[in-house]
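Bear in mind that the values in this text are calculations on the coordinates, not laboratory data. Since we're looking at a predicted model, the values are computed, not measured. We place every Cβ from the backbone using ideal geometry, glycine too, and count neighbours over all the protein chains shown.
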There are 2 protein chains.
Amino acid sequence: MIDETHDPARRSWVESANRPGCDFPIQNLPLGVFTPPGSATARIGVAIGEAILDVSDWLPGDQLNAYMALSSADRADFRRHCVRRLEAGAKPCALYSQTECRLHRPVTIGDYTDFYASIDHATNVGKLFRPENPLLPNYKHVPIAYHGRASSIVVSGTPVKRPQGQLGEGRFGPTQELDYEVEVGFFVGPGNALGEPIAIAKARSHIAGVCLVNDWSARDIQRWEYQPLGPFLAKNFATSISPWVVTAEALAPFWTEPPPHDVPILPYLREPVPGALDLTVEVWFRTAAMTEPIRLSHAAFKDMYWTAGQMIAHHTVNGCPLQPGDLIASGTVSGPQPDNRGCLLELTAKGAEPLRLPTGETRTFLHDGDEVILTGYCERPGWVRIGLGHCRGTIRPQ
Amino acid sequence: MIDETHDPARRSWVESANRPGCDFPIQNLPLGVFTPPGSATARIGVAIGEAILDVSDWLPGDQLNAYMALSSADRADFRRHCVRRLEAGAKPCALYSQTECRLHRPVTIGDYTDFYASIDHATNVGKLFRPENPLLPNYKHVPIAYHGRASSIVVSGTPVKRPQGQLGEGRFGPTQELDYEVEVGFFVGPGNALGEPIAIAKARSHIAGVCLVNDWSARDIQRWEYQPLGPFLAKNFATSISPWVVTAEALAPFWTEPPPHDVPILPYLREPVPGALDLTVEVWFRTAAMTEPIRLSHAAFKDMYWTAGQMIAHHTVNGCPLQPGDLIASGTVSGPQPDNRGCLLELTAKGAEPLRLPTGETRTFLHDGDEVILTGYCERPGWVRIGLGHCRGTIRPQ
């Protein structure tokens, strides 16, 4: 629901929050978990500009799960409280500098599900393996997903050690085809009991917030292991998430119509509200030899074939319980153009067309020392830009 | 390690524990979580014969995760303590009757992984779909597994609601092909940190205990959704586990040589100790019209192609962290003979050969009101039988 907290004219007494292009203006107010300098105690904070407001008086503990279990009305109350403390004219209080604090994984993730909701990604990947028949027959009818590993979800900035494993018959060693995937993650709010599906009309109310997700993938391991039960060790060595959870409330002005489908969908997936999120994701990349990162791709999240609401309705239609803080990722966000491709597998056509970098280096897959930086933001005329911050990871040798 | 706690001559002052065929003699001492009659507080107990010893003085809390985080030396200490309290000659104390207590899911399961370790199951299922080429090329080299859903793991006795979902293109409704799968589950002990594999020589020490697992499956949903990322809604509506965790210590006399492989395996999977567990699993079945259950199948768990140690070494070889209380299931336990088939898909050849029951009823897949009961036990000459108890579930209508 759009309310006075989205007023684009509102400014904060925190000057860095008022600068154009800032990810965290007073209309955003994402939540995270941080440790201040010199402290050993992690606590919950709200990002404002380049600072952090300690909100442990309102939200005790060191994970956001209790926040996510709140009703949307209670989450909105908390948002209004933060606006009152941070808006221009309120009495300034002590803040922490983001760069001086340590940021943590903000949520205890019970279960992690990864969808495959970009039809462009599914088509691009399918073309590489089945040129005549890129899209499988089920794709347009059933939201495809698999369960990922919760224990290896790490916060942005955590180094990613190149995994070793079986690369083919009798072949063992560090992966030679290490890749990233840019995704958007949804944190589950109240959730549902075993056996009680969430109807599509209620699905949106079970999203508490969003983050950026890097679904690191080892393509050689994946190719060898994935039949018939799907990816396993190719994915579960690490998944990075951005530290700031942008709330469902902050996203309210950015929902829009998803692209039309050319086949009928079943009633349980027909969403009564515009279900796509007008969010751009970008992938930036830096080798150890580069001083500045370059942008590899950008894509419109609103063009995904399945919406977040459809993912939740589908996930629970069989009675599967979602719990507060569960993470549902979208799958690689790609689009129709070459510079919309959200992983190296697509960008380099399985390694056949190496990237040429400004340093003269080339890449088919990731080298040790390479850094991948994901960003994302919502922008629409008439509303203040809402940023998702960054999700970073640098590859370390095996 | 076999020690004096395995002495087959030792008896308990709890008479029901000394009866031949008892699942829970003093050599077993499995742990569980129970609520006594009239109490609202769940606590940890040890099963002895038909009774429960409250051990909340030694193990506080209402889940076994802290127990599983113990070293094997500390777990062995606890076992000796229980033997001293329960052996013949010790001073009798108050016990609870198992039938009067409510049993709970004993562990908070962070992540749940399901393997596919029976080559007979993989071959039987493969034959139904690819008669000329039943076993995929990777099967004999790489232990195949996928991540399951932790939030829908329920304790034995919890009714299983028939899930609804997409049964094919444009087809929606309650599954018409509801199946069970008999599996053995391993609970992870201390586990490993991100990026630090568990070597095969140490793998066994990371098993804290075992249970029975029923991996309920909706075959029509599975067929339609599983390409290319594996099973999802076909499995995540419910997974049942037996309530008593049989400890690694109790199993010590029952490790044996696994069957030989006819292809070389990579060094990280070569186990230096006999890695197979000499455990029989059985599936019993009762329709609403039957007064007594009948046995549908039995299989030798020691004939699985991959051992539990191999599963743990493989799971972590890429650095994936296992945490205390994580559940690793074996996949369907089947064997080479028709009465070794551990699911209806195999027993009825995808429904083509219905089961004929003593009541004159037939079954291809499960009907509402049907009950599936899994049992398992270790028996070897010279040692006392160690039972895993039961894992029950009855199908409720959608």
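Things to note:
- Euclidean distance between Cα centres, the stretch A:341-368 to the stretch B:91-155, Å: 39
- Zone residues, the stretch A:170-198, relative to B:GLN398, backbone N less than 17 Å from point 7 Å out along Cα-to-Cβ: A:195-198
- The P(r) of the stretch B:207-327 has a tail past 20 Å containing 62 percent of all C-alpha pairs.
- For B:GLU50, the residues 5 or more places off, or on other chains, whose built amide H falls under 5 Å of its own are B:SER16, B:ALA17.
- Relative to the globular-protein estimate of 2.2 N^0.38 Å, the Cα radius of gyration of the stretch B:4-104 stands at 1.03.
- Chain A - percent relative contact order, Cα under 8 Å, separation 6 or more: 22
- Residue-count net charge about A:ASP57 - beta-carbon cut-off 13 Å; Lys, Arg +1, Asp, Glu -1: +1
- Shielding value for B:312-323 is 6, the average number of Cβ atoms from other chains within 10 Å of each residue's Cβ.
- Phi angles of the stretch B:302-319 translate, via the Karplus equation with coefficients 6.51, -1.76, 1.60 and θ = phi - 60°, into HN-Hα couplings of 5, 8, 4, 5, 10, 8, 4, x, 5, 4, 5, 5, 5, 4, 9, 4, 8, x Hz per residue; Gly and Pro are given as x.
- The alpha carbon centroids of the stretch A:41-78 and the stretch B:228-302 are separated by 44 Å.
- Around B:ALA218: net Lys/Arg minus Asp/Glu count, Cβ-Cβ under 9 Å: 0
- Modelled label positions at B:LEU266 and A:ASN18, each set 7 Å beyond Cα in the direction of Cβ, lie 5.8 nm from each other.
- Shape analysis of the stretch B:171-245 yields a ratio of the Cα radius of gyration to the Kirkwood radius, Rg/Rh, of 1.11.
- The stretch A:1-32-the stretch B:156-185 distance, computed between alpha-carbon centres (Å): 47
- Simple point charges give the picture: +1 on the Cβ of Lys and Arg, -1 on the Cβ of Asp and Glu, and for the protein assembly as shown a dipole about the Cα centre of about 340 debye.
- A:THR239 long-range amide H proximity, modeled H, under 5 Å: A:ILE153, A:VAL154
- About the Cα centre, charge dipole magnitude for the stretch B:221-310 (Lys/Arg +1, Asp/Glu -1 at Cβ), debye: 320
- Chain B: translational diffusion in µm²/s, Stokes-Einstein, Kirkwood Rh over Cα pairs, 4 °C, 1.567 mPa s: 60
- If you bin all the Cα-Cα distances of the stretch A:141-278 at 5 Å, starting from zero, the percentages per bin are 2, 8, 14, 17, 16, 15, 13, 8, 5, 1, 0.
- For the stretch A:81-140, GluC sites (Glu not before Pro) are listed when DSSP marks them as loop and at most 15 other Cβ atoms sit within 10 Å of their Cβ; the list is A:GLU132.
- Helix-only CD estimate at 222 nm, as mean residue ellipticity for chain B, using -39500 (n - 2.57) per DSSP H run (n ≥ 4): -3500 deg cm²/dmol
- Of all DSSP beta bridges in the protein assembly as shown, antiparallel share, percent nearest 5: 90
- Across the stretch B:337-345, coupling constants 3J(HN,Hα) worked out from phi with the 6.51/-1.76/1.60 Karplus curve, θ = phi - 60°, read 8, x, 8, 9, 8, x, 7, 5, 3 Hz, and Gly and Pro carry x.
- Here's the picture: charge each Lys and Arg Cβ at +1 and each Asp and Glu Cβ at -1 in the protein assembly as shown, and of B:LEU178, A:VAL372, A:PRO358 the one pushed furthest to the positive end of that dipole is A:VAL372.
- Spin-label model distance (nm) - A:ASP368 vs A:CYS93, 7 Å beyond Cα toward Cβ: 4.7
- Calculated on C-alpha atoms, the gyration radius of the stretch B:265-398 divided by its Kirkwood radius gives an Rg/Rh of 1.04.
- Tail weight of P(r) past 17 Å, computed on alpha-carbon pairs of the stretch A:352-398, percent: 56
- Whole-Hz ³J(HN,Hα) from phi, Karplus 6.51 cos²θ - 1.76 cosθ + 1.60, for the stretch A:277-285, glycine and proline x: 10, 7, 10, 9, 10, 9, 10, 10, 8
- Difference of contour (0.36 nm per residue) and Cα-Cα distance, B:THR280 to B:GLU169: 36.0 nm
- Under a 5 Å amide H cut-off, with hydrogens placed 1.01 Å from N, A:PHE172 pairs with A:LEU167 among residues at least 5 apart or on other chains.
- Neighbourhood charge, 10 Å Cβ-Cβ cut-off, centred on A:VAL46 and excluding it, Lys, Arg +1 and Asp, Glu -1: +1
- Efficiency of FRET from Cβ geometry, A:PHE129 and B:ALA40, R₀ 60 Å, rounded to 0.05: 0.60
- The Rg/Rh ratio of the protein assembly as shown, with Rg taken over Cα atoms and Rh as the Kirkwood radius over Cα pairs, comes to 0.98.
- Per-residue mean of foreign Cβ neighbours for B:135-145 is 5 (Cβ atoms of other chains, 10 Å radius).
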